[in-house]
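Okay, so here's the structure we're looking at.
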Amino acid sequence: MLRKAICPGSFDPVTRGHIDIIERAARTFDQVIVAVLTNPRKSPLFTVPERLEMLREATAYMPNVSVMTANGLLVDFAREQGAQAIVKGLRPIQDFEYEWQMGMVNHDLDRDIETYFLMSRNEYSYLSSSIVRELASFGRDTDSLVPPGVAARLRAKFSES
Ligand code: PNS
């Protein structure tokens, strides 16, 4: 059986923490689709094409990883792609309630798709796209927090405004 997983998220922008989760998923599953989806609770800084481009550059060295976007529900996208699994990173405390709720809803929506949580590594446990955006908005360097190329795009984005 081909084991295919979706790594979903807003990725606004992709961080080194996301890449760590994607790498670990790519070692566990035959194929991984990184899916840029809409989180109705967030107003993104980067457009979807910008986020896709950053993700494609950052994951280019992983041969079993592809990057896509989708509208609508995550489980519908997973089913259309023939995926059996959703993989998400879980940071200490802050993520649990939301991820637990999403995991439960997605299970109700499609019982054939399993959600797997990978605990974030210690060094990324405090890292989030929103922290990265906030640091960049104050002109701080974010190179150590994001894949190569993303910090420059953040600088460009904040110098536009
Ligand atoms: O990186 P994020 O913002 O935590 O990712 C959340 C995301 C985009 C995966 C989530 O909002 C999502 O799955 N959006 C698609 C709509 C959906 O399926 N919602 C869950 C059922 S209400």
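Some points to look at:
- Hey, residue 34 within 14 Å of the ligand (Cβ to nearest atom), open to solvent by less than 20 Å² (accessible area, probe 1.4 Å), modelled with pLDDT of 95 or more and in contact with a Ser or Thr (Cβ under 9 Å, 6 or more places away or on another chain) or not: yes
- Among the residues of the stretch 54-70, those identified as of a type outside the set (S, T, N, Q) and either surrounded by fewer than 17 Cβ atoms within 10 Å (Cβ to Cβ) or assigned to a loop (DSSP other than H, G, I, E, B) (or both) are 56, 57, 60, 61, 62, 63, 68, 70.
- Answer from 99, 50 - the residue that is within 13 Å of the ligand (Cβ to nearest atom), within 16 Å of the chain's Cα centre (by Cα) and either crowded, with 17+ Cβ neighbours inside 10 Å or modelled with pLDDT of 95 or more (or both): 99
- Any pair with Cβ under 8 angstrom, 6 or more apart, that starts in the stretch 32-43 at a residue that is assigned to a strand (DSSP E or B) and ends at one that is among the polar types (S, T, N, Q) and surrounded by 22 or more Cβ atoms within 10 Å (Cβ to Cβ): 34/59
- Listed by position, the helices (runs of 4 or more DSSP H) enclosed by the stretch 71-161 that each have at least 3 residues that are within 22 Å of residue 5 (Cα to Cα) and touching a Pro at 6+ places or on another chain (Cβ under 9 Å) are 74-80.
- Residues in the stretch 20-31 that are outside any helix (DSSP H, G or I) and open to solvent by less than 20 Å² (accessible area, probe 1.4 Å): 29 alone.
The values are calculated or read from the model by the stated rules, or taken from the named source; none is laboratory data. As the structure is a prediction and not an experimental result, all values here were calculated from the model. Reconstructed Cβ throughout: ideal geometry from the backbone, glycine too, with neighbour counts over all protein chains shown. Each accessible area value is taken on the protein alone, full model and side chains, heavy atoms only, with ligands, DNA and RNA left out. Shrake-Rupley method; radii C 1.70, N 1.55, O 1.52, S 1.80 Å.
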